[in-house]
Each structure stands twice: as structure tokens, then as C-alpha cells.
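Shown next, in C-alpha cells, is the structure this report addresses.
The values are calculated or read from the model by the stated rules, or taken from the named source; none is laboratory data. Because the structure is a prediction, the values reported are computed rather than measured. Neighbour counts are summed over all protein chains in view; Cβ atoms, including those assigned to glycine, are modelled from backbone coordinates with ideal geometry. SASA here: full protein model, heavy atoms, side chains in, ligands and nucleic acids out. Shrake-Rupley method; radii C 1.70, N 1.55, O 1.52, S 1.80 Å.
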Amino acid sequence: MNAGTIATIPKGRPTVRDPKFFRWSAILVTAAFLLLFLLMPLFTVFYEALSQGLLTCARAFQDPAGLAAIKLTLLVAAISVPCNLVFGVAAAWAVAKFSFPGKSILVSLIDLPFAVSPVIAGLIYVLIFGARGWLGPVLETYNIKIIFAVPGIVLATIFVTFPFVARELIPLMQAQGTEEEEAALSLGANGWQTFWRVTLPNVRWGLLYGIILCNARAMGEFGAVSVVSGHIRGLTNTIPLHVEILYNEYDFVAAFAIASLLALLALATLLIKSLVEWRMRVQEERSSQSSVAFV
Amino acid sequence: MKIEARNLTRTFHRYTALDGVSLTAEEGELLALLGPSGSGKTTLLRLIAGLDYPDSGSILFDGQEATRLKIQKRRVGFVFQNYALFRHMTVSQNVAFGLEVMPGRVRPPKPSIREKVGELLRLVQLPGYENRFPHQLSGGQRQRVALARALAINPRILLLDEPFGALDAKVRKELRSWVKQLQRELTITTLFVTHDQEEALEIADRVVVMNLARIEQIGTPAEVYEDPATPFVWEFLRGSPFISHAPP
């Protein structure tokens, strides 16, 4: 019912009007801040990448080490995003639709990667899987390499990006309640059918939103990956790590050229994100109407 | 189908929602569970539906033990207070849901599902609304879609949770006499939860008056009105200024 009352407040008309001076100065400060700290760096990335002409820029992408970094980043995202999609949906479903002992602990655990510094996250994996770590000797006897190899990078990325999907879905699923699921069950659907036909379609936009953010972070993660990667050129360097190496070698054009890929990813993410946000708002308005139930 | 509830008790943590409740609904009967909020009427309905299980006591369907029967096996038509229509599905997809999720060997073929949906929409007087979404319907229309959806699985009993609660006064009056008529036609055992005395007295065959997790009285509308068993029943039925006329 509350959603209904809120929805009836006319939009685009703030209830309190501040003096013009405050309004404009607030807008101006925000705009100046955005220009200085967000737009200018973004512009610089593209500007520097193209400063020696398109050809020099294109050469950065012909470098085998650069290509390997791009491939590795895509591979890591291709593994970690689906993993977190499954984990996130499972976690959100468990938290939002069932009550069980220890639920609040589980919710805090989901947030852990947000609270922990990515460098610490990487170190944890070194301490567990590294040569001197807990499982180091065991892994060595079976000749399994995790740290300073691709599996470690994937693990660190999964850890860092775990909360995105779950965090997005939990409030959404909680708001939608369990009535539609109960209705599905009463109509003879089993748990699996209820999940695929009712629960999941209801959160599809939120899910997409979570996936996009998760993917952006997975491709852009630096700290955790840096600790476990070992920076082996052409083997364990992702795009962010490769950018750093190029920059440290004073190869600015190549560094910014590769970095512009991440910048483009960010722009694409923003675009899809606002599209999805718009879709979600439409859906929310509809569902708030349906819970008011007037004639 | 005949429903018997024997000595049902349900507690949530320390709160007792139902305290040794017994009742019988005869075949084809329209029974109202009437009481103030917190009296346990919705809990009782959910136990009968299989959406929840009692701590003790038993439920019998046609004399057969059904207390621990899973909801999917009970074949109950449940209409939720806010209808709980699937918001991402059209009206016809909503109504067809119960048929679509049947296991392959008993599921009717697509054309007969479509036919059945059309038939049900005519029954609830919503032909031509197949491709609308729930948010495009009025409250009364949504309620009728919820009813059609519940009836699609040929339920053995119909359970309605505050079926008219979310509607405005005029639509409520129309709908309840219509539901009563429909229930008569289908001769399906029906239980509905309400806190509105007038509603219960007007359409129910028998009224179950509940208060504080217990049943105060069960009887025909005339019995509970003329001959209230407890002071609570007297006050709950007559103390209200909303009753302007004696029931039949």
C-alpha cells in the first residue's frame, strides 16, 4: 500500500523550493566536480591514446602481450561473471524467500568483499594457495598452479565481484514478497518451475543490472588480481595490469590505448545501466499500481 | 469435497495464531471465516491450503488424512488477498499457468489449454482480455482473473483470503453476489476469510466467528446473529454501526 501512496505524489515537482542561489550553486559545484574528476580524465585517456596518430595507437593492439592481456581479461570475465550469476541468484533466493537460522550472518558475509580491501582479498588467496600457503605443499605434489597463474586470477576476481548480483537482487526479491511463488505452488508448480517461470522473470532487469556491474568490475579489477597474478607478460597480465606495466615503461601511447578499452567498457556499462534502470522504473511503477488495487 | 479440521494449533515463535481449532465444511458449502485481524482466520486458511503446516492437529479431505500433504497435491484453488497475479504474464498466461506446469503425461495439449482459458474467461466475464497485463486491469478485474486462474486446475476446494478487501464498496457488493452465484453453479466447497460482518452474513451458508486464535461460534448467519454464543460474537456482529438491516 505504501508504494501506492508514494506513486501518487506528482513527479518532477519538489515539495520544498530552495532559493535560486543555492540551487544553481549546487548544480554548478556538481557539474564542475564531474568535469574535473570524471570527464577530463576520460577525455585524457582517449586524447593520449590518439596523440601520436591512429596508427601508433593501433600498434598497441598488435603487440602480442597486449592481445594476451585482452584475451585473459575476457576469459576471466567469462568465467567469473557466470559463477557469480549462479552464486548471486542462489544467495538472493535463499535470503529473500526463505527464513533460516544464521540468515543475517549470511547477508553480512555477502557484503564482505565490499568491506575488505581488494589487496587483502588477493593476499588471502596467496596465503591459502601460495607455495608457502596452507594448501601450497598439497597443490605442489599434484603440480597444480593457482597463484601466479590464471586460476588465482579467476578466484580473486570472483571474490571481489561476488556481491554485485546478490546485492542487486536481494532487496528486489524481498520487496516482491513470496505471494506469487505461493500462488504458483498452489497451482501445482514444483519449486524448479516456480523459480524459472515466476521468480526469475520477475527480477530479470535487476539481474541484468547486477550482471553489467559485475562484469565491469571483473574486467577492471586491479588490486586483488595484482597480488595473485605475478605479472608474467603475455601469461598472467590482465588489461589493468598490462596498462600499469606499459605506463611504467614510459610507453604512454600504448598504455592509454589499452586503457581506452576499459574506458569504452565503462561508457558502454553506463549506457546499458541507464537503459536497465529506466526499464526497472517502468516495471516498478506497474507493480506499485497492481498492489494498490483500486477500481 | 468435505473438509475437516481437528484441533489445529499453530504458533509462531511465542505467538499462538491458532489454538485448538476444529471445524467441518460440508461438500458444496460456502463458509465464512469471520473475525478481527489477528484472530487466526488467515492462518487457518493457509493450513487448509497447505501453504503452512500445523504444529499439532489434523486436516482431513473427504475423510482422508491430508495434514502433511504437499500443496501441489491438494488441488486447492487459492485466491490471495492482493490476487498475486504473475505480473510479467498476460491474463491468458496467468490463467493457463496451472495447466502449463502439469507434468507432460497429464498436461492437456496446447489447443485445449487455449480453449479452457477462453472458457474460464467467459465464466468470469472477461472475454477479450487475454492479452492484457495485470497492471492494465482494475481491481475487480484482477480479482476475477485470480479466480479464473484458481479454477483452471479444477480445484477440489476454493479458498479466498479477504477476496473483497481491496475493492471499493460498490464493486465489492457486485462481486460478492456474483461469487456466491458462481460458487452455487460450480457447487465447490469454498472457504473465505473476511473481517466484514455484513459480507459474511450476506453470502455465507455458515459463519465461523473467530477471536484470539479460537473459534467463538459456528452457525448459519441467522443463528450467529440471532443467538450469539458469546459476548464477543454479540458485540462483533451487532456492535458495529455498519449493519443497517437484519440478515435473512
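Answer with yes or no whether residue B:10 is away from every other protein chain (no Cβ under 11 Å) and assigned to a strand (DSSP E or B). Considered against the rule, which asks whether it is away from every other protein chain (no Cβ under 11 Å) and assigned to a strand (DSSP E or B), residue B:10 comes out as yes. Filter region B:146-156 down to the residues that are open to solvent by less than 10 Å² (accessible area, probe 1.4 Å) and within 11 Å of chain A (Cβ to nearest Cβ), then identify the one that is nearest to residue B:26 (Cα to Cα). Ranking the qualifying residues of region B:146-156, first place goes to B:150. Every test in (1) at negative phi; (2) open to solvent by 70 Å² or more (accessible area, probe 1.4 Å) is passed by residue A:250 save one, and that test is (1). Residue count for region B:194-215 under the criterion of being open to solvent by less than 20 Å² (accessible area, probe 1.4 Å) and in a strand (DSSP E or B): the result is 5. I'm trying to understand the selection: among the residues of region B:75-93, which are more than 8 Å from every other protein chain (Cβ to nearest Cβ), under 27 Å from residue B:27 (Cβ atoms) and outside any loop (DSSP other than H, G, I, E, B)? The answer is B:79, and nothing else. Restricting region A:160-186 to residues that are more than 13 Å from chain B (Cβ to nearest Cβ) and open to solvent by less than 30 Å² (accessible area, probe 1.4 Å) leaves a set whose member that is nearest to residue A:119 (Cα to Cα) is A:160.
Of these, A:49, A:60, A:91, which one is in contact with a Cys (Cβ under 9 Å, 6 or more places away or on another chain), surrounded by 14 or more Cβ atoms within 10 Å (Cβ to Cβ) and in contact (Cβ under 8 Å) with a residue 12 or more places away in the chain? Even if it seems obvious, please write down each step before you answer.
Working: A:60 fails: in contact with a Cys (Cβ under 9 Å, 6 or more places away or on another chain); A:91 fails: in contact with a Cys (Cβ under 9 Å, 6 or more places away or on another chain).
Just a single option satisfies the conditions, and that option is A:49.
For residue A:127, indicate whether it is in a helix (DSSP H, G or I), of a type outside the set (Gly, Ala, Ser), within 14 Å of chain B (Cβ to nearest Cβ) and closer than 28 Å to residue A:79 by Cβ. No: the conditions fail for residue A:127. Given (1) assigned to a helix (DSSP H, G or I); (2) aliphatic (A, V, I, L, M); (3) modelled with pLDDT under 90, where does residue A:16 come up short, assuming only one miss? That leaves (1) as the condition not met.
The listed residues are B:114, B:107, B:172, B:122, and the only one of them that is charged (D, E, K, R) and in contact (Cβ under 8 Å) with a residue 24 or more places away in the chain turns out to be B:172. Checking residue B:163 against (1) open to solvent by 30 Å² or more (accessible area, probe 1.4 Å); (2) under 30 Å from residue B:2 (Cβ atoms), which single condition isn't satisfied? (1) is the only condition that residue B:163 fails. Residue B:128 meets each of the listed conditions (1) free of Cβ contacts under 8 Å to residues at least 12 places away in the same chain; (2) among the small types (Gly, Ala, Ser); (3) in a helix (DSSP H, G or I) apart from (3).
Only residues that are within 23 Å of the chain's Cα centre (by Cα), open to solvent by less than 50 Å² (accessible area, probe 1.4 Å) and aromatic (Phe, Trp, Tyr) were counted in region A:99-152, giving 1.
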